[in-house]
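Trainee: My questions will all concern the structure given below.
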Amino acid sequence: MTTVYYHNDINAEVLQNKKVAVIGYGSQGHAHALNLKESGFDVVVGLRKGKSWDKAEQDGVEVKTVAEATKAADVIMVLLPDEYQPQIFEEHIKPNLEAGNALAFAHGFNVHFNQVVPPSDVDVFLVAPKGPGHLVRRTFEEGAGVPALIGIEQDPSGQAKEVALAYAKGIGGGRAGVLETTFQEETETDLFGEQAVLCGGLSNLVKAGFETLTEAGYQPEVAYFECLHELKLIVDLMYEGGLENMRYSVSDTAQWGDFVSGPRVVNDETKARMKEVLEDIQTGKFAKGWILENQANRPEFEAINNRESNSQIEEVGRELRKLMPFVKGKSEKEKEVVNNG
Ligand SMILES: NC(=O)C1=CN([C@@H]2O[C@H](COP(=O)(O)OP(=O)(O)OC[C@H]3O[C@@H](n4cnc5c(N)ncnc54)[C@H](OP(=O)(O)O)[C@@H]3O)[C@@H](O)[C@H]2O)C=CC1
Ligand SMILES: CC[C@](O)(C(C)=O)C(=O)O
Ligand SMILES: [Mg+2]
Ligand SMILES: [Mg+2]
(Lines give C-alpha, C1' and ligand atoms only; values in the text may rest on other atoms or scores of the structure.)
(Ligands and ions follow the chains in the order given, each with its own letter.)
Protein backbone atom coordinates (compact mmCIF):
# COMPACT_ATOMS: atom_id res chain seq x y z
CA MET A 1 0.00 0.00 0.00
CA THR A 2 1.13 3.54 -0.75
CA THR A 3 2.41 5.82 2.03
CA VAL A 4 -0.26 8.02 3.57
CA TYR A 5 0.99 10.95 5.66
CA TYR A 6 -1.17 12.09 8.57
CA HIS A 7 -1.17 15.30 10.62
CA ASN A 8 1.21 14.03 13.32
CA ASP A 9 3.68 12.53 10.79
CA ILE A 10 4.30 15.94 9.24
CA ASN A 11 6.77 18.46 10.60
CA ALA A 12 5.61 21.83 9.31
CA GLU A 13 8.54 23.85 10.69
CA VAL A 14 9.96 24.40 7.20
CA LEU A 15 7.04 26.79 6.49
CA GLN A 16 7.27 28.68 9.79
CA ASN A 17 9.66 31.36 8.56
CA LYS A 18 8.23 31.61 5.07
CA LYS A 19 5.51 33.82 3.62
CA VAL A 20 2.83 32.12 1.55
CA ALA A 21 1.02 33.97 -1.25
CA VAL A 22 -2.33 32.46 -2.16
CA ILE A 23 -3.17 33.80 -5.62
CA GLY A 24 -6.96 33.81 -6.00
CA TYR A 25 -9.66 33.78 -3.32
CA GLY A 26 -12.37 31.64 -4.90
CA SER A 27 -13.45 28.11 -3.99
CA GLN A 28 -9.94 26.82 -3.18
CA GLY A 29 -8.24 30.17 -2.54
CA HIS A 30 -10.36 31.30 0.41
CA ALA A 31 -10.06 27.85 2.00
CA HIS A 32 -6.25 27.65 1.66
CA ALA A 33 -5.70 31.21 2.84
CA LEU A 34 -7.95 30.97 5.91
CA ASN A 35 -6.88 27.44 6.90
CA LEU A 36 -3.17 28.31 6.56
CA LYS A 37 -3.64 31.50 8.55
CA GLU A 38 -5.49 29.65 11.32
CA SER A 39 -2.72 27.01 11.29
CA GLY A 40 -0.29 29.81 12.22
CA PHE A 41 1.32 30.59 8.85
CA ASP A 42 2.07 34.01 7.37
CA VAL A 43 -0.34 34.44 4.44
CA VAL A 44 -0.92 37.14 1.84
CA VAL A 45 -3.60 36.85 -0.85
CA GLY A 46 -2.87 38.02 -4.42
CA LEU A 47 -5.82 39.46 -6.38
CA ARG A 48 -7.11 42.17 -8.70
CA LYS A 49 -9.50 44.78 -7.23
CA GLY A 50 -13.05 43.43 -7.13
CA LYS A 51 -15.36 40.97 -5.45
CA SER A 52 -12.75 38.58 -4.07
CA TRP A 53 -10.50 41.42 -2.92
CA ASP A 54 -13.36 42.87 -0.84
CA LYS A 55 -14.24 39.46 0.59
CA ALA A 56 -10.65 38.65 1.56
CA GLU A 57 -10.32 42.02 3.31
CA GLN A 58 -13.61 41.45 5.14
CA ASP A 59 -12.24 38.06 6.25
CA GLY A 60 -9.23 39.84 7.76
CA VAL A 61 -6.61 38.52 5.33
CA GLU A 62 -3.75 40.68 4.01
CA VAL A 63 -4.41 41.41 0.31
CA LYS A 64 -2.06 42.73 -2.39
CA THR A 65 -2.01 42.67 -6.17
CA VAL A 66 -0.85 39.41 -7.74
CA ALA A 67 2.54 40.94 -8.59
CA GLU A 68 3.07 42.40 -5.09
CA ALA A 69 1.95 39.24 -3.31
CA THR A 70 4.29 37.13 -5.46
CA LYS A 71 7.18 39.49 -4.75
CA ALA A 72 6.51 39.41 -1.00
CA ALA A 73 6.29 35.62 -0.70
CA ASP A 74 8.54 32.57 -0.63
CA VAL A 75 5.80 30.09 -1.58
CA ILE A 76 3.30 31.12 -4.27
CA MET A 77 0.18 28.94 -4.57
CA VAL A 78 -1.70 29.59 -7.83
CA LEU A 79 -5.45 29.23 -7.22
CA LEU A 80 -6.79 31.11 -10.23
CA PRO A 81 -9.18 29.41 -12.66
CA ASP A 82 -7.09 27.02 -14.79
CA GLU A 83 -8.04 28.83 -17.99
CA TYR A 84 -6.62 32.22 -16.84
CA GLN A 85 -3.45 30.92 -15.19
CA PRO A 86 -1.11 31.03 -18.23
CA GLN A 87 -1.71 34.72 -18.97
CA ILE A 88 -1.63 35.88 -15.33
CA PHE A 89 1.47 33.76 -14.73
CA GLU A 90 3.34 35.38 -17.66
CA GLU A 91 2.26 38.93 -16.84
CA HIS A 92 2.24 39.12 -13.05
CA ILE A 93 3.81 36.07 -11.42
CA LYS A 94 6.84 35.03 -13.48
CA PRO A 95 8.47 38.51 -13.53
CA ASN A 96 8.29 38.60 -9.72
CA LEU A 97 9.64 35.13 -8.92
CA GLU A 98 13.08 34.78 -7.37
CA ALA A 99 15.47 31.85 -7.38
CA GLY A 100 14.66 29.70 -4.35
CA ASN A 101 10.92 30.47 -4.37
CA ALA A 102 8.40 27.67 -4.58
CA LEU A 103 5.54 27.77 -7.07
CA ALA A 104 2.55 25.60 -6.18
CA PHE A 105 -0.71 24.47 -7.80
CA ALA A 106 -3.85 22.65 -6.66
CA HIS A 107 -4.27 20.98 -10.05
CA GLY A 108 -1.57 19.99 -12.52
CA PHE A 109 -3.37 20.99 -15.75
CA ASN A 110 -1.25 23.95 -16.86
CA VAL A 111 2.13 22.54 -15.92
CA HIS A 112 1.36 19.09 -17.31
CA PHE A 113 0.02 20.48 -20.60
CA ASN A 114 2.89 23.03 -20.83
CA GLN A 115 0.65 26.11 -20.61
CA VAL A 116 2.71 27.36 -17.66
CA VAL A 117 6.47 26.82 -17.87
CA PRO A 118 8.12 27.81 -14.57
CA PRO A 119 11.75 28.96 -14.44
CA SER A 120 14.17 26.15 -13.56
CA ASP A 121 15.44 27.80 -10.35
CA VAL A 122 12.14 27.60 -8.44
CA ASP A 123 10.60 24.55 -6.77
CA VAL A 124 7.34 23.46 -8.36
CA PHE A 125 4.88 21.34 -6.42
CA LEU A 126 1.28 20.35 -6.20
CA VAL A 127 -1.05 20.24 -3.21
CA ALA A 128 -4.34 19.05 -4.63
CA PRO A 129 -7.22 18.62 -2.19
CA LYS A 130 -9.51 15.82 -3.29
CA GLY A 131 -12.66 17.82 -2.67
CA PRO A 132 -14.35 21.16 -3.40
CA GLY A 133 -12.77 24.24 -1.81
CA HIS A 134 -15.83 25.17 0.24
CA LEU A 135 -15.57 21.77 1.92
CA VAL A 136 -11.81 22.20 2.42
CA ARG A 137 -12.83 25.19 4.53
CA ARG A 138 -15.97 23.74 6.13
CA THR A 139 -14.34 20.46 7.20
CA PHE A 140 -11.31 22.36 8.58
CA GLU A 141 -13.61 24.51 10.72
CA GLU A 142 -15.25 21.32 11.98
CA GLY A 143 -11.85 19.95 13.03
CA ALA A 144 -11.63 17.51 10.13
CA GLY A 145 -10.10 17.76 6.65
CA VAL A 146 -10.19 16.77 2.99
CA PRO A 147 -7.56 14.29 1.68
CA ALA A 148 -4.87 15.87 -0.47
CA LEU A 149 -2.31 14.76 -3.04
CA ILE A 150 1.17 16.22 -3.21
CA GLY A 151 3.46 16.03 -6.25
CA ILE A 152 6.90 17.43 -7.01
CA GLU A 153 7.77 18.67 -10.51
CA GLN A 154 10.97 20.64 -9.79
CA ASP A 155 13.13 20.55 -6.67
CA PRO A 156 16.24 22.77 -6.99
CA SER A 157 16.10 23.55 -3.25
CA GLY A 158 15.89 19.92 -2.21
CA GLN A 159 13.06 20.93 0.16
CA ALA A 160 10.04 20.80 -2.14
CA LYS A 161 8.50 17.67 -0.61
CA GLU A 162 8.93 18.93 2.95
CA VAL A 163 7.30 22.26 2.03
CA ALA A 164 4.47 20.56 0.13
CA LEU A 165 3.73 18.30 3.12
CA ALA A 166 3.80 21.27 5.50
CA TYR A 167 1.42 23.18 3.21
CA ALA A 168 -0.92 20.18 2.97
CA LYS A 169 -0.92 19.94 6.77
CA GLY A 170 -1.65 23.67 7.03
CA ILE A 171 -4.82 23.40 4.97
CA GLY A 172 -6.04 20.39 6.99
CA GLY A 173 -5.14 17.66 4.50
CA GLY A 174 -3.12 15.74 7.12
CA ARG A 175 -6.26 15.17 9.17
CA ALA A 176 -7.67 13.04 6.34
CA GLY A 177 -4.46 11.77 4.70
CA VAL A 178 -1.88 13.05 2.22
CA LEU A 179 -0.65 10.87 -0.65
CA GLU A 180 2.24 11.41 -3.05
CA THR A 181 1.56 11.55 -6.79
CA THR A 182 2.96 13.17 -9.94
CA PHE A 183 1.61 16.11 -11.95
CA GLN A 184 0.73 13.67 -14.72
CA GLU A 185 -1.19 11.26 -12.48
CA GLU A 186 -3.04 14.02 -10.62
CA THR A 187 -3.99 15.83 -13.83
CA GLU A 188 -5.21 12.77 -15.69
CA THR A 189 -7.06 11.15 -12.77
CA ASP A 190 -8.62 14.43 -11.63
CA LEU A 191 -9.91 15.23 -15.12
CA PHE A 192 -11.16 11.67 -15.55
CA GLY A 193 -12.86 11.61 -12.14
CA GLU A 194 -14.71 14.88 -12.67
CA GLN A 195 -15.72 14.07 -16.24
CA ALA A 196 -16.68 10.41 -16.05
CA VAL A 197 -17.84 9.94 -12.45
CA LEU A 198 -18.10 12.85 -10.03
CA CYS A 199 -19.54 15.64 -12.18
CA GLY A 200 -20.26 14.52 -15.75
CA GLY A 201 -21.15 10.89 -15.04
CA LEU A 202 -23.25 11.68 -12.00
CA SER A 203 -25.16 14.68 -13.35
CA ASN A 204 -26.04 12.77 -16.51
CA LEU A 205 -27.10 9.69 -14.54
CA VAL A 206 -29.34 11.87 -12.34
CA LYS A 207 -30.85 13.68 -15.34
CA ALA A 208 -31.44 10.45 -17.28
CA GLY A 209 -33.21 8.92 -14.26
CA PHE A 210 -35.34 12.05 -13.71
CA GLU A 211 -36.30 12.25 -17.37
CA THR A 212 -37.12 8.53 -17.57
CA LEU A 213 -39.60 8.90 -14.71
CA THR A 214 -41.16 12.21 -15.83
CA GLU A 215 -41.47 11.06 -19.46
CA ALA A 216 -43.31 7.99 -18.13
CA GLY A 217 -45.84 10.35 -16.48
CA TYR A 218 -44.63 10.32 -12.87
CA GLN A 219 -44.71 13.60 -10.88
CA PRO A 220 -41.53 15.69 -11.34
CA GLU A 221 -41.38 16.29 -7.58
CA VAL A 222 -41.36 12.57 -6.83
CA ALA A 223 -38.75 12.04 -9.57
CA TYR A 224 -36.59 14.82 -8.08
CA PHE A 225 -36.63 13.30 -4.60
CA GLU A 226 -35.90 9.84 -5.96
CA CYS A 227 -33.11 10.69 -8.40
CA LEU A 228 -31.40 13.77 -6.91
CA HIS A 229 -32.28 14.60 -3.31
CA GLU A 230 -31.88 11.05 -1.96
CA LEU A 231 -28.51 10.72 -3.68
CA LYS A 232 -26.77 12.61 -0.89
CA LEU A 233 -28.18 10.26 1.71
CA ILE A 234 -26.96 7.25 -0.25
CA VAL A 235 -23.55 8.81 -0.99
CA ASP A 236 -23.10 9.66 2.72
CA LEU A 237 -23.39 5.95 3.49
CA MET A 238 -20.78 5.12 0.83
CA TYR A 239 -18.50 7.88 2.16
CA GLU A 240 -18.76 6.53 5.67
CA GLY A 241 -18.33 2.82 4.93
CA GLY A 242 -17.96 2.08 1.24
CA LEU A 243 -20.46 0.30 -0.99
CA GLU A 244 -20.99 -2.41 1.64
CA ASN A 245 -22.22 0.14 4.20
CA MET A 246 -24.71 1.55 1.69
CA ARG A 247 -25.87 -1.98 0.84
CA TYR A 248 -26.14 -2.83 4.56
CA SER A 249 -28.45 0.12 5.16
CA VAL A 250 -30.77 -0.11 2.16
CA SER A 251 -33.43 -2.82 1.91
CA ASP A 252 -32.57 -6.25 0.50
CA THR A 253 -34.96 -5.42 -2.34
CA ALA A 254 -32.85 -2.35 -3.19
CA GLN A 255 -29.66 -4.37 -2.90
CA TRP A 256 -30.99 -7.05 -5.28
CA GLY A 257 -32.04 -4.27 -7.71
CA ASP A 258 -28.54 -2.80 -7.41
CA PHE A 259 -27.01 -6.18 -8.32
CA VAL A 260 -29.28 -7.08 -11.24
CA SER A 261 -30.30 -3.73 -12.74
CA GLY A 262 -27.23 -1.56 -12.04
CA PRO A 263 -25.15 -3.41 -14.68
CA ARG A 264 -27.98 -2.97 -17.22
CA VAL A 265 -27.46 0.81 -16.97
CA VAL A 266 -23.72 1.10 -16.37
CA ASN A 267 -21.93 -1.72 -18.12
CA ASP A 268 -19.12 -2.64 -20.53
CA GLU A 269 -20.48 -0.17 -23.07
CA THR A 270 -20.28 2.63 -20.47
CA LYS A 271 -16.78 1.49 -19.56
CA ALA A 272 -15.76 1.62 -23.23
CA ARG A 273 -16.98 5.26 -23.36
CA MET A 274 -15.05 5.95 -20.13
CA LYS A 275 -11.92 4.58 -21.79
CA GLU A 276 -12.45 6.99 -24.70
CA VAL A 277 -12.82 9.88 -22.26
CA LEU A 278 -9.59 8.81 -20.55
CA GLU A 279 -7.77 8.55 -23.88
CA ASP A 280 -8.83 12.09 -24.84
CA ILE A 281 -7.40 13.29 -21.53
CA GLN A 282 -4.15 11.35 -21.91
CA THR A 283 -3.53 12.48 -25.50
CA GLY A 284 -4.24 16.13 -24.66
CA LYS A 285 -7.33 16.25 -26.93
CA PHE A 286 -9.60 17.36 -24.09
CA ALA A 287 -7.10 20.02 -22.93
CA LYS A 288 -6.76 21.39 -26.47
CA GLY A 289 -10.56 21.67 -26.83
CA TRP A 290 -10.89 23.48 -23.47
CA ILE A 291 -8.06 25.90 -24.32
CA LEU A 292 -9.66 26.69 -27.72
CA GLU A 293 -13.13 27.11 -26.14
CA ASN A 294 -11.65 29.74 -23.81
CA GLN A 295 -9.80 31.49 -26.62
CA ALA A 296 -13.18 31.81 -28.40
CA ASN A 297 -14.76 33.32 -25.24
CA ARG A 298 -16.59 30.15 -24.24
CA PRO A 299 -19.63 30.15 -26.57
CA GLU A 300 -20.47 26.49 -26.02
CA PHE A 301 -19.79 26.59 -22.27
CA GLU A 302 -22.21 29.50 -21.83
CA ALA A 303 -24.92 28.00 -24.07
CA ILE A 304 -24.87 24.64 -22.25
CA ASN A 305 -24.73 26.36 -18.86
CA ASN A 306 -27.86 28.42 -19.66
CA ARG A 307 -29.73 25.42 -20.98
CA GLU A 308 -28.85 23.35 -17.91
CA SER A 309 -29.88 26.12 -15.47
CA ASN A 310 -33.29 26.31 -17.07
CA SER A 311 -33.90 22.56 -17.23
CA GLN A 312 -36.95 21.06 -15.51
CA ILE A 313 -34.96 19.22 -12.83
CA GLU A 314 -33.33 22.50 -11.73
CA GLU A 315 -36.61 24.40 -11.69
CA VAL A 316 -38.40 21.70 -9.71
CA GLY A 317 -35.46 21.47 -7.28
CA ARG A 318 -35.40 25.23 -6.66
CA GLU A 319 -39.08 25.16 -5.62
CA LEU A 320 -38.77 22.04 -3.46
CA ARG A 321 -35.69 23.24 -1.61
CA LYS A 322 -37.55 26.41 -0.54
CA LEU A 323 -39.75 24.13 1.56
CA MET A 324 -36.84 22.35 3.22
CA PRO A 325 -35.36 24.69 5.85
CA PHE A 326 -32.50 22.27 6.57
CA VAL A 327 -31.37 22.45 2.93
CA LYS A 328 -32.25 26.08 2.24
CA GLY A 329 -29.28 28.43 2.58
CA LYS A 330 -26.72 25.60 2.50
CA SER A 331 -25.82 25.98 -1.16
CA GLU A 332 -22.50 27.79 -1.71
CA LYS A 333 -24.02 29.51 -4.77
CA GLU A 334 -26.93 30.86 -2.71
CA LYS A 335 -24.60 32.08 0.05
CA GLU A 336 -22.59 34.02 -2.54
CA VAL A 337 -25.75 35.69 -3.89
CA VAL A 338 -26.86 36.65 -0.35
CA ASN A 339 -23.40 37.96 0.64
CA ASN A 340 -23.06 40.06 -2.52
CA GLY A 341 -26.59 41.44 -2.38
N1 LIG B 1 -12.94 24.29 -7.18
C2 LIG B 1 -12.36 23.30 -6.51
O3 LIG B 1 -12.87 22.83 -5.50
C4 LIG B 1 -11.06 22.72 -6.94
C5 LIG B 1 -10.20 23.47 -7.70
N6 LIG B 1 -8.93 23.01 -7.93
C7 LIG B 1 -8.02 23.84 -8.68
O8 LIG B 1 -7.81 25.05 -7.95
C9 LIG B 1 -7.57 26.15 -8.84
C10 LIG B 1 -8.54 27.27 -8.54
O11 LIG B 1 -9.83 26.84 -8.87
P12 LIG B 1 -11.12 27.45 -8.15
O13 LIG B 1 -10.86 27.61 -6.70
O14 LIG B 1 -12.27 26.59 -8.59
O15 LIG B 1 -11.21 28.89 -8.81
P16 LIG B 1 -12.39 29.97 -8.64
O17 LIG B 1 -12.98 30.20 -9.97
O18 LIG B 1 -13.30 29.59 -7.53
O19 LIG B 1 -11.59 31.27 -8.11
C20 LIG B 1 -11.07 32.20 -8.92
C21 LIG B 1 -10.34 33.28 -8.13
O22 LIG B 1 -9.38 33.85 -9.03
C23 LIG B 1 -9.56 35.25 -9.05
N24 LIG B 1 -9.19 35.79 -10.36
C25 LIG B 1 -9.76 35.49 -11.56
N26 LIG B 1 -9.16 36.19 -12.54
C27 LIG B 1 -8.21 36.95 -11.93
C28 LIG B 1 -7.26 37.90 -12.40
N29 LIG B 1 -7.19 38.23 -13.68
N30 LIG B 1 -6.42 38.47 -11.50
C31 LIG B 1 -6.50 38.16 -10.19
N32 LIG B 1 -7.38 37.27 -9.68
C33 LIG B 1 -8.23 36.68 -10.54
C34 LIG B 1 -11.03 35.46 -8.74
O35 LIG B 1 -11.18 36.80 -8.26
P36 LIG B 1 -12.32 37.82 -8.79
O37 LIG B 1 -13.38 37.81 -7.72
O38 LIG B 1 -11.61 39.12 -8.89
O39 LIG B 1 -12.82 37.29 -10.11
C40 LIG B 1 -11.24 34.41 -7.67
O41 LIG B 1 -10.83 34.88 -6.42
C42 LIG B 1 -7.68 25.55 -10.23
O43 LIG B 1 -6.40 25.15 -10.62
C44 LIG B 1 -8.56 24.30 -10.02
O45 LIG B 1 -8.39 23.28 -10.99
C46 LIG B 1 -8.46 21.84 -7.40
C47 LIG B 1 -9.27 21.06 -6.62
C48 LIG B 1 -10.67 21.39 -6.43
C1 LIG C 1 -14.59 17.12 -8.81
C2 LIG C 1 -14.24 18.48 -9.34
C3 LIG C 1 -12.84 18.97 -8.96
O4 LIG C 1 -11.86 18.16 -9.56
C5 LIG C 1 -12.71 18.89 -7.46
C6 LIG C 1 -13.62 19.63 -6.58
O7 LIG C 1 -11.89 18.13 -6.98
C8 LIG C 1 -12.69 20.41 -9.49
O9 LIG C 1 -11.89 20.62 -10.43
O10 LIG C 1 -13.39 21.31 -9.00
MG1 LIG D 1 -10.65 17.17 -8.20
MG1 LIG E 1 -10.59 19.16 -11.01
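The values are calculated or read from the model by the stated rules, or taken from the named source; none is laboratory data. Just so it is clear, the model here is predicted, and its values are computed rather than measured. Note that we place each Cβ from the backbone using ideal geometry, even for glycine, and neighbour counts take in every protein chain shown.
Trainee: Consider region 58-81. How many of its residues are among the acidic types (Asp, Glu) and in contact (Cβ under 8 Å) with a residue 40 or more places away in the chain? Break it down stepwise before answering.
Mentor: So the first thing to find is which residues in region 58-81 are among the acidic types (Asp, Glu), and the list is 59, 62, 68, 74.
Within this subset, residues satisfying the condition of being in contact (Cβ under 8 Å) with a residue 40 or more places away in the chain are 74.
Residues flagged as among the acidic types (Asp, Glu) and in contact (Cβ under 8 Å) with a residue 40 or more places away in the chain within region 58-81 amount to 1.
Trainee: Restricting the search to region 100-139, which residues are within 15 Å of ligand 2 (Cβ to nearest atom), closer than 17 Å to Ile171 by Cβ and among the aromatic types (Phe, Trp, Tyr)?
Mentor: Listed by number, the list holds a single entry, Phe105.
Trainee: For Ala168, work out the one condition from (1) hydrophobic (A, V, I, L, M, F, W, C); (2) more than 18 Å from the chain's Cα centre (by Cα); (3) buried (at least 23 other Cβ atoms within 10 Å of the Cβ); (4) assigned to a helix (DSSP H, G or I) it doesn't fulfil.
Mentor: (2)
Trainee: So the check is Cβ under 7 Å with 6+ separation or different chains; which pairs have a first residue in region 321-334 that's more than 16 Å from Glu230 (Cα to Cα) and a second one that's modelled with pLDDT under 75 and surrounded by 10 or more Cβ atoms within 10 Å (Cβ to Cβ)?
Mentor: Filtered contacts from region 321-334: Lys322/Lys328.
Trainee: Out of all the residues in region 43-55, is one or more basic (Lys, Arg) and touching a residue at least 40 places away in the same chain (Cβ under 8 Å)? Talk me through it step by step, then tell me what you get.
Mentor: First, the residues of region 43-55 that are basic (Lys, Arg): 48-49, 51, 55.
Subsequent filtering for residues that are touching a residue at least 40 places away in the same chain (Cβ under 8 Å) retains 51, 55.
Within region 43-55, one or more residues are basic (Lys, Arg) and touching a residue at least 40 places away in the same chain (Cβ under 8 Å).
Trainee: Let me ask you something else. Checking the structure you have, find out if any residue of region 88-103 is modelled with pLDDT of 95 or more, within 14 Å of ligand 4 (Cβ to nearest atom) and either in contact with a Phe, Trp or Tyr (Cβ under 9 Å, 6 or more places away or on another chain) or outside the structural domain of Ala168 (by the TED database) (or both).
Mentor: No, that holds for no residue.
Trainee: Report whether or not Val206 is part of a helix (DSSP H, G or I), within 14 Å of ligand 4 (Cβ to nearest atom), more than 21 Å from Asn110 (Cα to Cα) and modelled with pLDDT of 95 or more.
Mentor: Answer is no for this residue.
Trainee: Next up: For region 269-292, does any single residue satisfy the condition of being without any contact (Cβ under 8 Å) to a residue 60 or more places away in the chain, in the same structural domain as Glu226 (by the TED database), part of a loop (DSSP other than H, G, I, E, B) and not basic (Lys, Arg)?
Mentor: no
Trainee: Is one or more of the residues making up region 217-234 within 16 Å of ligand 2 (Cβ to nearest atom), touching a helix residue (DSSP H, G or I) at 6+ places or on another chain (Cβ under 8 Å) and either part of a helix (DSSP H, G or I) or charged (D, E, K, R) (or both)? Working first, answer last.
Mentor: Residues of region 217-234 that are within 16 Å of ligand 2 (Cβ to nearest atom), as a first pass: 231-232.
Add one more test, that the residue is touching a helix residue (DSSP H, G or I) at 6+ places or on another chain (Cβ under 8 Å), and what stays is 231.
Applying the additional criterion that residues be either part of a helix (DSSP H, G or I) or charged (D, E, K, R) (or both) yields 231.
Looking for residues that are within 16 Å of ligand 2 (Cβ to nearest atom), touching a helix residue (DSSP H, G or I) at 6+ places or on another chain (Cβ under 8 Å) and either part of a helix (DSSP H, G or I) or charged (D, E, K, R) (or both), one finds at least one in region 217-234, hence yes.
Trainee: Tell me yes or no: at least one residue of region 90-97 is within 11 Å of ligand 1 (Cβ to nearest atom) and among the aliphatic types (A, V, I, L, M).
Mentor: yes
Trainee: Before we move on, is Gly201 surrounded by 15 or more Cβ atoms within 10 Å (Cβ to Cβ), within 14 Å of ligand 2 (Cβ to nearest atom) and part of a loop (DSSP other than H, G, I, E, B)?
Mentor: no
Trainee: Does region 186-205 contain any residue that is in contact (Cβ under 8 Å) with a residue 40 or more places away in the chain and over 30 Å from Asp82 (Cβ atoms)?
Mentor: No, region 186-205 contains no residue that is in contact (Cβ under 8 Å) with a residue 40 or more places away in the chain and over 30 Å from Asp82 (Cβ atoms).
Trainee: Give just the number: which of (1) over 15 Å from Val20 (Cβ atoms); (2) more than 10 Å from ligand 1 (Cβ to nearest atom); (3) of a type outside the set (Ser, Thr, Tyr) does Ala168 not satisfy?
Mentor: (1)
Trainee: So which of Lys37, Lys64, Lys49 is in a helix (DSSP H, G or I) and among the charged types (D, E, K, R)?
Mentor: On the way: Lys64 fails: in a helix (DSSP H, G or I); Lys49 fails: in a helix (DSSP H, G or I).
So the residue among Lys37, Lys64, Lys49 that is in a helix (DSSP H, G or I) and among the charged types (D, E, K, R) is Lys37.
Trainee: Please list, ordered by first then second residue, the pairs with beta carbon atoms under 8 Å, 6 or more apart or interchain, first in region 139-164 and farther than 20 Å from Ser27 by Cβ and part of a loop (DSSP other than H, G, I, E, B), second of a type in the set (Asp, Glu) and at pLDDT 95 or above.
Mentor: Pairs that qualify, where the first residue is farther than 20 Å from Ser27 by Cβ and part of a loop (DSSP other than H, G, I, E, B) and the partner is of a type in the set (Asp, Glu) and at pLDDT 95 or above, are Asp155/Asp123; Pro156/Asp121; Pro156/Asp123; Ser157/Asp123; Gln159/Asp123.
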